[in-house]
1. Please find, within the range 48-75, the residue that is modelled with the lowest pLDDT out of those that are within 26 Å of residue 88 (Cα to Cα) and assigned to a loop (DSSP other than H, G, I, E, B).
2. If I go through the range 103-141 residue by residue, how many of them are in a helix (DSSP H, G or I) and surrounded by 15 or more Cβ atoms within 10 Å (Cβ to Cβ)?
3. Would you point out the residue of the range 77-86, among those that are crowded, with 17+ Cβ neighbours inside 10 Å and more than 10 Å from the chain's Cα centre (by Cα), that is nearest to residue 25 (Cα to Cα)?
């Protein structure tokens, strides 16, 4: 008789891509609300987290950082991950990663996110356990729930 596998299912690259797109829509909606409240006249899709030249982009940057740090650190899930059925876990314990891991993962999004997350995609498909740089540094895995 074989025992059930305790190895987490990390083959979630497609789900990660969809989750990232969903989270982008969440930021777009928030940006639209922010533009409406501030009267900036920008369309909801006109946001750039790489340029902090406007107060709207600065607020969006802060919200995006907190979104990832708090949600992934404390629950392992963003809206995109919840919808796609994946979760961030501590690689050793399988528990929620914690706020420090959330900070590390989020900081490394600055590198992983280069060229529309192309860097992350290349690293994920070529790494053991399908991890991006942020996962490696934070010692986390993204697994199917």
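1. Within the range 48-75, the first condition is being within 26 Å of residue 88 (Cα to Cα), and the residues that meet it are 48-50, 59-75.
The next check asks that each one be assigned to a loop (DSSP other than H, G, I, E, B); those that pass are 48-50, 75.
Details: 48: 60, 49: 57, 50: 63, 75: 98.
My answer is 49.
2. Within the range 103-141, the first condition is being in a helix (DSSP H, G or I), and the residues that meet it are 103-107, 109-112, 114-126, 128-130, 133-138.
After this cut, where a residue has to be surrounded by 15 or more Cβ atoms within 10 Å (Cβ to Cβ) as well, the list is 103-107, 109, 112, 117, 119-121, 123-124, 129-130, 133-138.
Total satisfying the criteria: 21.
3. Residues of the range 77-86 that are crowded, with 17+ Cβ neighbours inside 10 Å, as a first pass: 77-78, 80-81, 84, 86.
Within this subset, residues satisfying the condition of being more than 10 Å from the chain's Cα centre (by Cα) are 84, 86.
Numbers: 84: 14, 86: 18 Å.
Of everything passing the filter in the range 77-86, 84 is nearest to residue 25 (Cα to Cα).
The values are calculated or read from the model by the stated rules, or taken from the named source; none is laboratory data. Please read all numbers here as calculations on a predicted model, not as lab measurements. FYI the Cβ positions are ideal-geometry reconstructions off the backbone, even for glycines, and counts take in every protein chain you see.
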